[in-house]
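Note sheet for the following structure.
The values are calculated or read from the model by the stated rules, or taken from the named source; none is laboratory data. Since this is a predicted model, take the numbers as computed values, not measurements. Cβ sites come from the backbone with ideal geometry, for glycine too, and all protein chains shown count toward neighbours. Side chains are part of the model used for accessible areas, which takes the heavy atoms of the whole protein and leaves out ligands, DNA and RNA. Shrake-Rupley method; radii C 1.70, N 1.55, O 1.52, S 1.80 Å.
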Amino acid sequence: MRKFERRAEWVWRQRGLGEVPFNTARPLIAAESNRYVYFRRTFDIVETVTSASAAVSADGRYQLYVNGQLVGRGPARCSPAWQYVDEYDLTPYLRPGRNVIAALAHSYGLHTAWYELPDWEQARAFGCGGFFLQGDVTNDSGHSIHLDTGQGWRYRESDSWERNVPSGSLGFIEIYDARHAPQSWHTVDFNDSDWDEPEILRIPGRNYAGDVIPFPVLIPSDIPRLAESPRWAEAVVRVAEVQNAPPAIDIASLFAHETLADLHHCRVDGAENLATDSGVTVITTTDTHSVSLILDFGLTQPGRVRFDLDGPAGTIVDFTYSERLHDDGRVHMHQGIPGFDVYAAHRVILREGRQTWEAFELSGFRYLQMTVRHCESPLTVHAIRLNFTAYPVEHTGQFTCSDDLLNRIWQAGVTTLHHCMLDGYVDCPSREQRQWLDAYLDSLINYVAFGDPYLAAKMLRQVAQSQQPDGLTMMVAPGDFSVLHFTNIPDFCLYWILAIGAYLDYTGDLDIVNELYTAVVKAIGWFERHLNEDDLLTDVPHWVFVDWAELDKKGQVTALNAHFVAALGVALRMAELAESAQDARLFAHLREVMTAAINRHVWDDERGVYVDARRDGVQSRRISQQSNAAVMAFGIAPTERWSRILATILDDEQLVLTRFGAAQAERVDFDDEQHVVLAQPFYMHFLHRALCQAGQHAVMLENIRRRWGALVAAGDRTFRESWQIIPLTSLCHAWAGTPTFDLSAEILGVRPLTPGFARVLVAPHPVDLAWAKGTVPTPHGAVEVAWWVEADSFKLTVTIPAGSEGLVILPKIKPSPWKSVTVNGSPVSTSDSLMLEAGTYHITASYINEKI
């Protein structure tokens, strides 16, 4: 990770900065809460430009324009100790003569789900808010124009956005008055003569020390910019009117209490055009009634609401969005996490004439409700769109098979993940957009669907950056939950270590070992300190999560101990790669003694299962799929116990669906021995690993069809957070997409055998399928697989990319051995396994004819 060499200055609005008292006060932070500032600089090009580049950042978020064209947004989420700068090629946007580079920057004044306020001297000296650009335009004679922020730039504070509005984890409600906005402010011809010069953010240091400046360490962004594309609604759900209420700044209360009625006073012509990219819709309101439109974008999607409207000045356009509707057709506003979030309800007030407006902040929703109020003459709607915004991916992974239900499930998992890939792996695009460390599973799905290494590497680094002095990493990184220190999830630290192991397997990037190894050792040390004389993690502090379910998580928690054993395995691999023999011996020893302790202390031989926990020497009576899946998936439970375990935890008569936060009357008695806690979608990943370990691929496939198939059959195109839906549930949650990974890695059968797919495993498991085909991306290129089960043979075509070799394991279709095996038409040994060099191979295995 290289440090950016700065030349430009950070700038912000004029505040008369001066010496900072020697105290802890940070008065300037609150003063910059929810503030938008415009910046611009003009320059002339008289010779042919050979190159033009800029590195851009903001304390908050920015939009960058050149000659009126949007160039990009940023920065990507980051910790202020590792502040990102985004690098742009400006050449395509420049022209001979006068040019302008401009930016809109937004300061927050509070931590958000993806933003952390600055700290240390910077926070005391400058508060928050700032814009940075370092750029050069070079012509064919070698002369360069510096575009650096500082001298030559102009600024203006925006009074278009109302500042005193509700705020939460996702920033501020937007109340925007277009009548106060400087039109065409980002174009060359705009007159900025009445704008001021910005203030440079630099003051002398204390006691002859170096100057205090914002963000002493700047890091070039290590991910590509998010991709944007317009998307239209798929359907118009309702065209209605509402009776006008007294004006209110609390827009959410209007949406909550207004009753939709059929059109009797208002008029809407061309409503069908709202779901197309052509035609217009004309809305006529009255003094007593307003028009409300509800649009369905088909599935939960991340992006920004965008309007193209033509109407009279003062027209009010209120809008809200969510993933679901009320029974009466209104949008069911999502409050998010109580205490951290507010209802998303926004307002745009039009200026005269045609205008486009796009929300500054990204949101995630399926349904959009827009209410047009106080329109003195008809309003023409040219378009209501979603500017879909997500991480740029290549859909190189593919899977199809003879069961179309599985194909739809696989694709829904891909879609769910993509819509949760922003500038980090977010849990959901709708409720909170935080990068939680269940992103371990997200990264696995990515590897089979997209093969992208960059977002995962960024996540791994940012978790390490969140590490506390005691060694524990934060459950979210970066963002508000990383710095507020109100709770933490220790098991998410273990998922981070597991994610490093998966990253090694799928990318082969061994440099990550050198970068993160010290942090992993420190994290292992945190858990080691919680081992007691039983060699088990005991009374681990904070929020032991495991799953969204009512497990017994007090004392010695089986699943948490199993995850630590798995993390020790990854740490051991890293120690060996780092040639740290002492650490390797310690990790191997801990893994061995903890495996023995788990099998000794939390195995209930009478019931043939592992209990959820043990406290004060007494086993819990609660049992779950989660605890037993963990000990099987991570190789802790002896194989002779597997059949007894599976017989119990797969028994439908004993399975019970629970959820975290259930009302007392809904909770299952922990002492009730007749129940087994069902895994929620997230932990089904580990149940499926356990089933595959035991060779029960048919059971896994049946579980996928039964549980995810029901969601797809109901019309879901993304997968939700939990099996049941409560007010907090998000309907697009990447951790629920394990079938995508399972079908590619287990049924198609492609996995890395050595780091970076230097050796590829191709081990199909047809179960009851007649055929399957697909591709799995690797650093060397795609592994392509297609197989067919016929009456007396199994046929496989596989392509191993250059730089890899493949181990093919032929499936056991019947108990009898193969009669013959051919590769590209030539007979080979009838062994179940074949080693192949790079290339394309056609393999046929025939059965021995059975006697009748």
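Below, the figures for the structure above:
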{"quantity": "Within the stretch 340-371, backbone nitrogen closer than 18 Å to the virtual label 7 Å beyond the Cα of PHE486 toward Cβ", "calculated": "340-344"}
{"quantity": "Global form of the stretch 682-751, assessed from the alpha-carbon gyration tensor, a/c cut-off 1.5", "calculated": "prolate"}
{"quantity": "Sequence ranges 53-62, 485-494, ranked by mean other-Cβ count within 10 angstrom, highest first", "calculated": "53-62, 485-494"}
{"quantity": "Cα centre as origin, Lys/Arg/Asp/Glu Cβ charges: the stretch 693-747 dipole, Debye", "calculated": "140 debye"}
{"quantity": "Total charge dipole magnitude, the chain, about the Cα centre, Cβ charges on Lys, Arg, Asp, Glu only, Debye to nearest 20", "calculated": "540 debye"}
{"quantity": "Whole-percent carbon and sulfur share, accessible surface of the stretch 317-472, 1.4 Å", "calculated": "47 percent"}
{"quantity": "Accessible surface ranking that places the most exposed of GLU576, GLU376 first, with a 1.4 angstrom probe", "calculated": "GLU376, GLU576"}
{"quantity": "By accessible area with a 1.4 Å probe, ligands and nucleic acids excluded, highest first: order of SER804, SER141", "calculated": "SER141, SER804"}
{"quantity": "Cβ-based charge dipole, the chain, positive-most Cα from THR844, SER829, VAL49", "calculated": "SER829"}
{"quantity": "13 Å reach of a label modelled at LEU655, 7 Å along Cα-to-Cβ, counting backbone N of the stretch 626-641", "calculated": "626"}
{"quantity": "Packing-based ranking, highest mean first, of 211-219, 238-246 given that Cβ atoms within 10 Å are counted", "calculated": "211-219, 238-246"}
{"quantity": "Probe 1.4 Å - accessible area at MET474, Å² to nearest ten", "calculated": "10 Å²"}
{"quantity": "Greater than 22 Å apart at Cα, pairs in LYS773/LYS812; LYS773/LYS819; LYS458/LYS553", "calculated": "LYS773/LYS819; LYS458/LYS553"}
{"quantity": "C-alpha center-to-center spacing [the stretch 675-718, the stretch 341-368] in angstrom", "calculated": "38 Å"}
{"quantity": "Three-way shape call for the stretch 695-852 based on the alpha-carbon gyration tensor, with the a/c threshold at 1.5", "calculated": "oblate"}
{"quantity": "Positive-end residue, the chain charge dipole about Cα centroid, Cβ charges, pick of VAL677, LEU460, SER229", "calculated": "LEU460"}
{"quantity": "Kyte-Doolittle mean at least 0.5, axial Cα span of 18 Å or more - DSSP H helices of the chain", "calculated": "490-507, 511-528, 558-577"}
{"quantity": "Cα gyration tensor category, rounded, prolate or oblate, for the stretch 223-372 with a/c compared to 1.5", "calculated": "rounded"}
{"quantity": "Answer label for Rg and Dmax of the Cα atoms in Å (calculated), chosen among (1) 29.3, 97; (2) 31.6, 107; (3) 28.1, 92", "calculated": "(1)"}
{"quantity": "Distance (nanometres) between label positions extended 7 Å along Cα→Cβ at GLN724 and ASP287", "calculated": "5.2 nm"}
{"quantity": "Solvent-accessible area per residue, Å², over the chain with all protein chains present [probe radius 1.4 Å]", "calculated": "38 Å²"}
{"quantity": "Sequence ranges 674-685, 552-563, 169-180, 591-602, ranked by mean other-Cβ count within 10 angstrom, highest first", "calculated": "552-563, 674-685, 169-180, 591-602"}
{"quantity": "Spatial separation of Cα centroids for the stretch 618-658 and the stretch 259-289, in angstrom", "calculated": "57 Å"}
{"quantity": "Within the chain, helix-based [θ] at 222 nm, where runs of 4 or more DSSP H residues each add -39,500 (n - 2.57), nearest 500", "calculated": "-6500 deg cm²/dmol"}
